[in-house]
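Derivation of every value follows stated rules applied to the coordinates shown; laboratory data play no part. Everything numeric in this text was worked out from a predicted model, so none of it was measured. Don't worry about glycine lacking a Cβ; one is built from the backbone with ideal geometry, like all the others, and counts go over all protein chains shown.
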Amino acid sequence: MRITNVHHLPLAIVEAVKNDPYPHGQTGDISATSLIAPPQLVALRRQHEADLEEDAADRIWSLLGQSIHTILERAEPSAITERRLFAHCAGWRISGQADRIVPLDLEYETIHIEDYKTTSVWSVIDGVKPEWADQLHVLQWLAAENGYDVRGLSIVALLRDWSRNKAKDGGNYPQAPVITLTVRPRPLGALHDWITSRVERHQMARACLTGGIPPQPCTPEERWERPAVFAVKTPGRKTAVKLYEDRDLAQAHADDLKGGYVEHRPGEPIRCLHYCPVAAFCPQRQAELAAALDLAA
């Protein structure tokens, strides 16, 4: 992947982005973060790695998030930081790096795994994001395969946009710029079955591309698909009175309002639109765009 500098950031920042210490080539067949990602996306990214570009400005928060590793090295010496674990499943070597492994006994046999995230307040308002829980569960499985008994999992979120004034308003707004979110460990049997199914999906996607066949499309959940809604609007008001997924309910509400009307807001695949690095190479996304052009013609 080529790093660009469209916004003319200082050279030191750009070089720091380019010199990412992530151990490429030392992660086995697939890493924990790739394992939980959409198989089609991961396979396409692997196939088109040399063709991809990303601007340094889009890596800033990731860059700052890496500073947490330096902070963790200053914590109490009994914990293990940045330990990369390996295990085999369905013929592949899986790897994952735990930010912090906290021993719960003197023999380091029972442990608690912590994963640190530099993120937005709005990412934690509703609790743990599913992909964060999935990442911790892969680490739980890797730890178990390496002889550890995992008793607890948690996300430690550092909130870059936390506001003291908003915290004073109460509600579910975090009361400090750092919060800990608990994730329940999964039963090992079910966890092994889930890991196996994830590996097999990725193996299939990679094999499809090798054979010149489009991989299985991403699911709506993997695309972060926002469903289509019907907005009840009134003249002069910028925001909707209420949003409905059912057109008839929206129309009934609008009929009760003076000048009320219904505005259709199509669904959107948020990841495809804004966050997928391989959208330009994705057969699923490109087919959608071609179909939209045909409808518009």
Worksheet, complete the sentence: If the chain between E76 and E221 were fully extended at 0.36 nm per residue, the gain over the current Cα-Cα distance would be 48.3 nm
Worksheet entry | Computed over region 225-296, the ratio Rg/Rh where both radii use C-alpha atoms and Rh is Kirkwood | 1.14
Item to complete: Neighbouring Cβ atoms within 10 Å as the yardstick, rank S163, S78 fewest first.
Response: S78, S163
Worksheet entry | Degrees separating the helix 283-296 axis from the principal Cα axis of the chain, which is the longest one | 10
Worksheet, complete the sentence: Ratio for region 1-138, C-alpha Rg to 2.2 N^0.38 Å, reads 1.18
Worksheet item: In debye to the nearest 20, how big a dipole does the chain give about its Cα centre with +1 on each Lys and Arg Cβ and -1 on each Asp and Glu Cβ?
Response: 640
Worksheet item: In a GNM of the chain with a 10 Å cut-off on Cα contacts, which of G236, G152, G96 has the highest mean-square fluctuation?
Response: G236
Response to the item:
Diffing region 235-241: the Karplus 3J(HN,Hα) column from phi (6.51, -1.76, 1.60, θ = phi - 60°), in whole Hz with x for Gly and Pro, holds x, x, 9, 6, 9, 6, 5
Worksheet item: region 163-192 to region 252-297: how many Å between their Cα centroids?
Response: 32
Fill in: Estimated dipole of region 225-296 in Debye, rounded to 20 [Cβ of Lys and Arg +1, of Asp and Glu -1, Cα centre]
360
Practice prompt. Quick one: give the max-minus-min coordinate of the C-alpha atoms of region 206-258 along each principal axis, largest first, in Å.
Written response: 60, 22, 14
Worksheet entry | Point-charge dipole on Cβ atoms (K/R +1, D/E -1) for region 18-136, about Cα centre, debye to 20 | 140
Worksheet item: So which of K117/K242; K168/K242; K117/K168; K129/K258 end up more than 32 Å apart by C-alpha?
Response: K117/K242; K129/K258
Response to the item:
Expected sort for 187-195, 227-235 on mean C-beta neighbours within 10 Å, highest first, is 227-235, 187-195
Worksheet item: With the chain treated as a Gaussian network of Cα nodes joined by springs under 10 Å, which of D20, D246, D134 yields the largest mean-square fluctuation?
Response: D246
Worksheet item: Fewest first, what order do M1, M204 take by the number of other Cβ atoms within 10 Å?
Response: M1, M204
Discussion item. Antiparallel versus total DSSP beta bridges in region 2-210: what percent is that, nearest 5?
Written reply: 55
Item to complete: Among the GluC sites (Glu not before Pro) in region 189-227, which ones are in a DSSP loop with at most 14 other Cβ atoms within 10 Å of the Cβ? Mind listing them?
Response: E221
Worksheet item: What residue among S197, S154, S123 shows peak mean-square fluctuation when the chain is described by a Gaussian network model with Cα springs under 10 Å?
Response: S123
Worksheet item: Given region 119-247, what percent of its DSSP beta bridges are antiparallel, to the nearest 5?
Response: 90
Worksheet item: What residue among T4, A98, W194 has its Cα farthest toward the positive end of the dipole of region 2-210, where the charges are +1 on Lys, Arg and -1 on Asp, Glu, each on the Cβ?
Response: T4
